[in-house]
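A.B. asks: Structure provided below as structure tokens; questions to follow.
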Amino acid sequence: MTDVSELKQQVRELLAEHGRLTSDVSSLGDGDDLYRAGLTSHASVTVMLACEDEFDVEFSSDLLTKATFGSVDAIAAALAEVGA
Amino acid sequence: MSGHEGALAVARTTTPRPLVGLDLQTVPEVESAVARFGERYLQHCYTPGEQRVLETSGAAGLAARFAAKEAVLKLLGAGGPIGDIDLRAIEVVSDPGGRPRVVLHGAAADLATRLGIDTETIDLSLTHDGGVAAAVAVALDLPDDRKAPR
């Protein structure tokens with residue numbers, strides 16, 4: 001299982017590549033609202049798929065919620081839950 | 001209550017109210033997602049019938065349908081990234097004349113019923129041009145005496 005800080009850094013890299021945020025991801029705190037930072041519905045889908053590819057995991061349906069992709073912390077927590 | 005006040009109260013509870021949802025989706029984003037994630041992206045967002053649009057209308061057609069799903073979610077008050085409703089529970093189909101309409105399944109249908117939205121009246125209009133797709137959804141909020149008990 002990936003170290004949490006390393007997990008968050010990888011999540012940030014995936015957000016930078018797929019999130020299409022209006023704010024630079026490096027300017028966001030781990031708990032900052034990604035939707036306020038410009039994460040759209042479609043981008044949240046591609047971020048989810050990118051996370052699954054990067055970590056070779058699959059999000060269960062109960063984790064496919066707005067809350068799961070709301071922050072770097074939340075995404076990292078969900079990834080840890082599914083074994084990243 | 002006066003006669004006028006009474007008439008207004010009756011109108012508020014018996015007159016259907018229009019509800020609306022609107023969304024935009026860029027086509028290049030959908031193209032990129034199809035290229036990068038393929039079937040996993042398609043199966044996450046679109047029903048088998050909707051996926052066939054990729055063959056006939058390309059990524060622009062898919063983008064319009066994604067926008068339509070989001071527009072309906074906003075109409076239902078559940079809009080937002082991913083949301084808690086499966087995107088495939090909001091299905092865009094075409095009537096015999098080619099006009100798009102929406103069919104709600106599962107949680108989306110349940111939510112519409114709880115909210116008192118007459119799903120038979122949900123109307124859709126889709127468009128795409130210049131790399132952007134848009135959709136608007138309109139429905140009627142049932143009068144109080146026709147809403148399902150909560």
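A.B. asks: Residues A:Glu17, A:Glu54, A:Glu6, A:Glu13: which one is modelled with pLDDT under 95 and open to solvent by 20 Å² or more (accessible area, probe 1.4 Å)?
C.D. replies: On the way: A:Glu17 fails: modelled with pLDDT under 95; A:Glu54 fails: modelled with pLDDT under 95; A:Glu13 fails: modelled with pLDDT under 95.
Exactly one of A:Glu17, A:Glu54, A:Glu6, A:Glu13 is modelled with pLDDT under 95 and open to solvent by 20 Å² or more (accessible area, probe 1.4 Å), namely A:Glu6.
A.B. asks: With open to solvent by 70 Å² or more (accessible area, probe 1.4 Å) and modelled with pLDDT of 95 or more as the only criterion, which of B:Asp129, B:Asp144, B:Asp110 stands out?
C.D. replies: Numbers: B:Asp144 fails: modelled with pLDDT of 95 or more; B:Asp110 fails: modelled with pLDDT of 95 or more.
Of the residues listed, the single one that is open to solvent by 70 Å² or more (accessible area, probe 1.4 Å) and modelled with pLDDT of 95 or more is B:Asp129.
A.B. asks: Of all the helices (runs of 4 or more DSSP H) wholly in chain A, which have at least 3 residues that are more than 29 Å from B:Leu22 (Cα to Cα) and within 14 Å of another protein chain (Cβ to nearest Cβ)? Quick ask: steps written out before the conclusion?
C.D. replies: Numbers: elements: A:4-18, A:41-55, A:72-81.
Result: A:41-55.
A.B. asks: Then there is this: Filter region B:15-31 down to the residues that are open to solvent by 60 Å² or more (accessible area, probe 1.4 Å) and assigned to a helix (DSSP H, G or I) and list them by number.
C.D. replies: Of all residues in region B:15-31, those open to solvent by 60 Å² or more (accessible area, probe 1.4 Å) come to B:15, B:17-18, B:20, B:22, B:24, B:28, B:31.
Result: B:Pro28, B:Glu31.
A.B. asks: Here's a follow-up. Restricting region B:33-87 to residues that are within 11 Å of another protein chain (Cβ to nearest Cβ), in contact with a His (Cβ under 9 Å, 6 or more places away or on another chain) and open to solvent by 40 Å² or more (accessible area, probe 1.4 Å), which is farthest from B:Asp110 (Cα to Cα)?
C.D. replies: Only one residue fits best here, namely B:Arg36.
A.B. asks: Let me ask something else. Take the residues in region A:58-73 that are in contact with an Asp or Glu (Cβ under 9 Å, 6 or more places away or on another chain) and open to solvent by 20 Å² or more (accessible area, probe 1.4 Å), then tell me which one is farthest from B:Glu39 (Cα to Cα).
C.D. replies: Once the filter is applied, the top-ranked residue is A:Asp73.
The values are calculated or read from the model by the stated rules, or taken from the named source; none is laboratory data. If you're wondering where the values come from, they're calculated on a predicted model, not measured in any experiment. Neighbour counts are summed over all protein chains in view; Cβ atoms, including those assigned to glycine, are modelled from backbone coordinates with ideal geometry. Accessible surface areas use protein heavy atoms only, side chains included; no ligands, DNA or RNA. Shrake-Rupley method; radii C 1.70, N 1.55, O 1.52, S 1.80 Å.
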